[in-house]
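The values are calculated or read from the model by the stated rules, or taken from the named source; none is laboratory data. These numbers were taken from a predicted model, which means no experiment stands behind them. All Cβ positions, even for glycine, are placed from backbone atoms using ideal geometry, and neighbour counts span all protein chains on display.
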Amino acid sequence: MRVLAAMSGGVDSAVAAARMVDAGHDVTGIHLALSKNPQSFRSGARGCCSLEDSHDARRAADKLGIPFYVWDFSDEFRDDVIEDFVSEYAAGRTPNPCLRCNEKIKFAAVLRRGLALGFDAVATGHYARLAQGPDGPELRRAVDPAKDQSYVLGMLGAEQLRHCAFPLGDSLKPDVRAEAERRGLRVAKKPDSHDICFIPTGDTAGFLERRLGAQPGEILDEDGVRLGEHQGTHRFTVGQRKGLRVGTPAADGRPRYVLSISPVDRRVVVGPKESLNITTIEAIRPTWTRQPLTAAWRGLVQVRAHGEPMPATVEPADRLTIRLDEPATGIAPGQGVVLYRDDLVVGSATIDATRTARAGDVAR
C-alpha cells in the first residue's frame, strides 16, 4: 500500500511513520507548511509547525530512509482554520481549531491530493484505533486514555476512514518515546506541542484583539443590572470565571461565571455556576463515521478533547437534539460534540445552542 505519513516533527508522527515502514508499506513522509512565515524555533512545548519542526521531520524521514516533501497548505489553513476561528469568536462562539484543521486540512485537503497522486492512505501519529467492522472501518478510542485523540477525529466520515491509518492507537505514550529512542530518532525526548499552533504565545485574547479590534461593552447580571465594562466579547467564553473584573461582588458572595455572550450589542451576562447547568444541546452539521442515525439513540457524548463522556439521548434530524441525563457545565456554542457507543465513535456535530434546566433558557 502506498502511504503518506504526515510528519509534524514530533515523536508520535515519527514513530507512526516508522511502523508503517516496518509493516512493509511504500511510505512517503510529508510535512505540512501551514504558515507563510513560520517561526524559526518553537518556545518549549508551545505551538508547532515551526522551521525547527520541519527540520526535525526531515531528519526523521532520512533516518527511516523514506522520501520526504513539504506541502504548502498555508492558504487553506488561513482560510479554513484561522479565519474560521476569528469569525466564530466574533460571533460569540467558542471554536476548536484542531477539529477544524483535521476536518479541512489533514483529512480533506491532504487526502484529496494524496489520492490524486496515487496514494492509498494517510498515516498520522494520532492516538486512536481503527478496527474493521461489518460495515467498514470503525474509529475507536486509543488504549492510552490520557492520550486518546478520538474526539478530534470525530468529524471524519466513513469514506475518509477507509483511507486513514493510526499506528499508535494500541500504544502507551511512554512506550512510543522508548521506541523512538531505540530507533535512534532525535525527537524521542522532544516535548509535545500544546496551545493553538498559530498562537504560540498562548495569548488568544491579544491575537483576537489585533484581528477584531477593541470593542468595549457591558457586563450584566441575569437581571440586566450593569456590573462593569469589558474590552471585547472575544475575550470571553461561556463558563469563564477569571478576568471578569466586575465592580461589585455578588450579593451572596458566590463567584460569577460567563453565562452568555452577545457580540451584536456587545453584552456579556454573568451569574452563578448553577445557571450554567446545561440539560439540552442543539448541534448542527452532523458527520457520521458509519451509517447516519435515523432514530432516537442512547449513548455517550463528549464536548471537550479530554472531557468526561456523558450519557445522553440523541434525536437526529437536520440538527441534533441531545438531552443529557444529568446537567453539565462548560458547554458552549461553537464547540464540537462527539457521540460514542462505549469506545466506538459514532459521529460528531457542532454545538449551535444550549438549554439550561430553566424552561426556555437558551444560549446561542
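Structure notes:
- Total residues in the stretch 253-300, condition assigned to a strand (DSSP E or B) and either more than 24 Å from PRO134 (Cβ to Cβ) or modelled with pLDDT under 90 (or both): 19
- Among the criteria (1) surrounded by 17 or more Cβ atoms within 10 Å (Cβ to Cβ); (2) in contact (Cβ under 8 Å) with a residue 60 or more places away in the chain; (3) of a type outside the set (S, T, N, Q); (4) within 25 Å of HIS55 (Cα to Cα), the one ASP192 does not fulfil is (1).
- The condition of being over 23 Å from the mean Cα position of the chain (by Cα), surrounded by fewer than 18 Cβ atoms within 10 Å (Cβ to Cβ) and closer than 29 Å to LEU208 by Cα holds for only one of VAL246, VAL268, that being VAL246.
- Evaluation of ILE322 against (1) modelled with pLDDT of 95 or more; (2) outside any strand (DSSP E or B) (one fails), failing number: (2)
- Of the criteria (1) in a helix (DSSP H, G or I); (2) not assigned by TED's automatic domain parsing to the domain that holds HIS55, which one GLN149 fails: (1)
- Check on GLY217, touching a residue at least 24 places away in the same chain (Cβ under 8 Å) and farther than 21 Å from THR321 by Cβ: yes
- Any hit, the stretch 220-238, residues being at positive phi, among the small types (Gly, Ala, Ser), assigned to a loop (DSSP other than H, G, I, E, B) and free of Cβ contacts under 8 Å to residues at least 12 places away in the same chain: yes
- Conditions (1) under 18 Å from the mean Cα position of the chain (by Cα); (2) aliphatic (A, V, I, L, M); (3) not in a loop (DSSP other than H, G, I, E, B); number of the one not met by ILE199: (3)
- Within the stretch 164-186, the set of residues being surrounded by fewer than 18 Cβ atoms within 10 Å (Cβ to Cβ) and in a loop (DSSP other than H, G, I, E, B) comprises ASP170, LEU172, ARG183, GLY184.
- When the residues of the stretch 218-252 are filtered to those that are of a type in the set (A, V, I, L, M, F, W, C) and under 24 Å from ALA328 (Cα atoms), the one that is modelled with the lowest pLDDT is ALA250.
- Which numbered condition ASP120 misses (of (1) charged (D, E, K, R); (2) modelled with pLDDT under 95; (3) over 18 Å from THR350 (Cα atoms)): (2)
- Number of residues in the stretch 63-118 that are of a type in the set (A, V, I, L, M), touching a Phe, Trp or Tyr at 6+ places or on another chain (Cβ under 8 Å) and either surrounded by fewer than 19 Cβ atoms within 10 Å (Cβ to Cβ) or more than 30 Å from VAL268 (Cβ to Cβ) (or both): the value is 3.
- Pairing each residue of the stretch 74-90 that is within 19 Å of VAL110 (Cβ to Cβ) and touching a residue at least 12 places away in the same chain (Cβ under 8 Å) with any residue that is among the acidic types (Asp, Glu) and assigned to a helix (DSSP H, G or I), provided the two are 6+ apart or on different chains, yields C-beta distances under 9 Å for ASP80/GLU103.
- Scan of the stretch 10-24 for residues that are within 16 Å of ARG58 (Cα to Cα), modelled with pLDDT of 95 or more and outside any helix (DSSP H, G or I), ordered by number: none
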